[in-house]
Structure formats: C-alpha cells, structure tokens
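This report concerns only the one structure given below.
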Amino acid sequence: MKKNYVFILLFITLTSNIHAQNYWGVDASVDVANAEFQNDFIETGTAGNYSNSTWTALSINDTDGAVTPGAAYWTRNTLGYSQGAYSAPTPTNAPSQANGIAIFDSDFMDNGGTPSAFGTGTSPSGHKGELISPRINLTGNTDVPLAVKFYSQYRNFIASEFTFSFSSDDGTTWGTSVAYTTSQASPYLEGFLTLALPATSTQGVANLSQCRLKFTFDGDYYFTIIDDVTILNAAVLSTDNFTQNHKVTLFPNPATDYIQINRLTKTEDYTIYNTLGQEVKSGFISENQKLDIKNLANGFYVLKLEEGNSFKFMKK
C-alpha cells in the first residue's frame, strides 16, 4: 500500500505541474466544452461580430473571392470526417472526436458530397473562412511566451493557408499567423501539434482578459480538422511530454500501440503505473526500442525509469 501511495502522490504532482503550465483548454481543465468543440458555432459574415461564449465561424469569401462574404463556414461536426465527394469517410482519431470536431470542409461545401458537382454546394471554392474562439481570460500572463496545442488532420489540394493566430484585444487586431500544416509530415498524418505563438503576443500587454484564438483556411479543397485545443506556456515546449529530465523524451503521446523513449544512454528498468498508483507493466527499455502498450486500457499512465525520469502519457 505504501508503494501505491507514493506513486499516487507522484501522479498528482506531475499532473499539478502540468496544469500549472497550461492556461486554457483541455489540458488546463478550463472551458473544456469549447476546447473540445462540444458546442455549436455561431455563423456570421461580419468581422468583429464574435460570440463571447462559443466559437464563431466567420465567412470571408467564396467563388474564388468573387462573392463576399459568401458562406464559407467552419462547422462543428460529430461524424469526425469530411463529407465531401473526394474525402474518405474515416473518423479522425482525436481523443474527444465523439463530442465534436471543428472542420473547414472545403470539399463538401463545394460539391455537396456529389462527385463532379463542382461549384454546386453551399460555398463554391476557392473560399476563405475563419474560426474565432470565445473570449479567453489569460490574466496574469503578461510577457509569458504562449503556445497552442491541438489535434490536427488535413488534406490539401491547392489551399494556400492553414494557420492560427492570437488576439489580446477581443479580436480587434490579430498577431502574425502561424502556419501549422508544415509541421506535419504528410496530409493524412494526424496527431497533436504544439506550436509557439509569436513572442510579441503578450509582451507588455497589461490586460489579457479578452484574448481569442483564430484558425483560418483559405483556398481550394479538401479539408482541415481541429480538436482538443490547449493554450500553454511556450517555455515548456521542450518538456511537452512532462519528463523530469529534459534531455529524455517519450513519444508518441497520446499513443495507441507503443511508446518509445528518446535519448536514453543505457538500458534501464521501467515501470508503468495507472492513476491509482498500481503497477501495470514493467521490464527493461533501451534507446530506439518500442514498448508495446496495446494491452493497456485507454487512459492516463505514469512511466518511471530507474534513473528517476517520469513521464505522464495517454493510451487511446
């Protein structure tokens, strides 16, 4: 029982440290319903007309820019996939996909799901749409470097923009946008991205009580999917897997079939504990060795190495 108690404390300590560096969204347990896209979006064609309590889908233009604002709306989708004629109906693997995802479904909006019916849908492409978050209170984080973590999947034909940006003045002005698809090796390689916002996002900003995020799609086919958003301290990006030794990392995280430890200098004993502090798996692991976790139940775990490195990871 003492052993279990010790590692329950370890798990709580790790979780507390994680939350101390996360300010809004899923990992921070703040406004999780919006961070997971559980609520329907407000649609508008008027910039600045943003909801304070839920995401706002803003149409900028469609029909190759000829129609303004058009009907180029990001939508909340509980299917988990694009409904377009040229996209596979396979749900994304985002952890909270069943609650809803945010999707700019260019394929579907252009053809209504009918092959060769180009330009007959609700918003003929190319088109541009923005998705603006509800108000986010980041008070106390003046001069703190910020990053955005989110689950991403996309497929591109000739779209020119997949970006996110940050506003500290309720969406009146926006900082330099951050392109996110360049951080994914291929269009169908989905997973979590954690990318820093520009360093100027909070510098010298005394009032951070009305911040917002914005995701933008601009172009022609196929789609982009976003889910499970978190705003965090960019200073901990090197320790995004929550290791106590910053030179050693665990990946992928979340994981489905296996986990792997990077930068190990020797073979080490490992032990995996569940949230009750109970040992569920142990053995030895070395550099570049894949550790099979397929038999673990979905949920959160702590992996402890003999040299003292500890990692929190999610099995999904």
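The values are calculated or read from the model by the stated rules, or taken from the named source; none is laboratory data. Not measured: the values here are computed from a predicted model. With ideal geometry, Cβ positions are generated from the backbone for all residues, glycine too; neighbour counts draw on all protein chains shown. Please note that ligands, DNA and RNA were not included when accessible areas were found on the heavy atoms of the full protein model with its side chains. Shrake-Rupley method; radii C 1.70, N 1.55, O 1.52, S 1.80 Å.
Residues of the stretch 67-97 being open to solvent by 60 Å² or more (accessible area, probe 1.4 Å) and under 16 Å from Asn34 (Cβ atoms), which ones?
Correct list: Arg76, Thr78, Pro95.
If you check Asp64 against the conditions, is it in contact with a Gly (Cβ under 6 Å, 6 or more places away or on another chain) and buried (at least 23 other Cβ atoms within 10 Å of the Cβ)? Let's see the steps before the verdict.
Working: in contact with a Gly (Cβ under 6 Å, 6 or more places away or on another chain): yes; buried (at least 23 other Cβ atoms within 10 Å of the Cβ): no.
Considered against the rule, which asks whether it is in contact with a Gly (Cβ under 6 Å, 6 or more places away or on another chain) and buried (at least 23 other Cβ atoms within 10 Å of the Cβ), Asp64 comes out as no.
Could you please give the count of residues in the stretch 59-87 that are touching a strand residue (DSSP E or B) at 6+ places or on another chain (Cβ under 9 Å) and under 16 Å from Arg155 (Cβ atoms)?
Of the residues in the stretch 59-87, the ones touching a strand residue (DSSP E or B) at 6+ places or on another chain (Cβ under 9 Å) are 59-65, 67-84, 86-87.
Restricting the remaining residues to those that are under 16 Å from Arg155 (Cβ atoms) gives 74, 77, 79-84, 86-87.
The total comes to 10.
Where in the stretch 266-316 are there strands (runs of 3 or more DSSP E), lying wholly inside it, with at least 1 residues that are surrounded by fewer than 19 Cβ atoms within 10 Å (Cβ to Cβ) and of a type in the set (S, T, N, Q)?
268-273, 279-285
Check the stretch 238-257 and report whether any residue there is open to solvent by 10 Å² or more (accessible area, probe 1.4 Å), under 21 Å from the mean Cα position of the chain (by Cα) and modelled with pLDDT of 90 or more.
So far as the stretch 238-257 goes, yes, one or more of its residues are open to solvent by 10 Å² or more (accessible area, probe 1.4 Å), under 21 Å from the mean Cα position of the chain (by Cα) and modelled with pLDDT of 90 or more.
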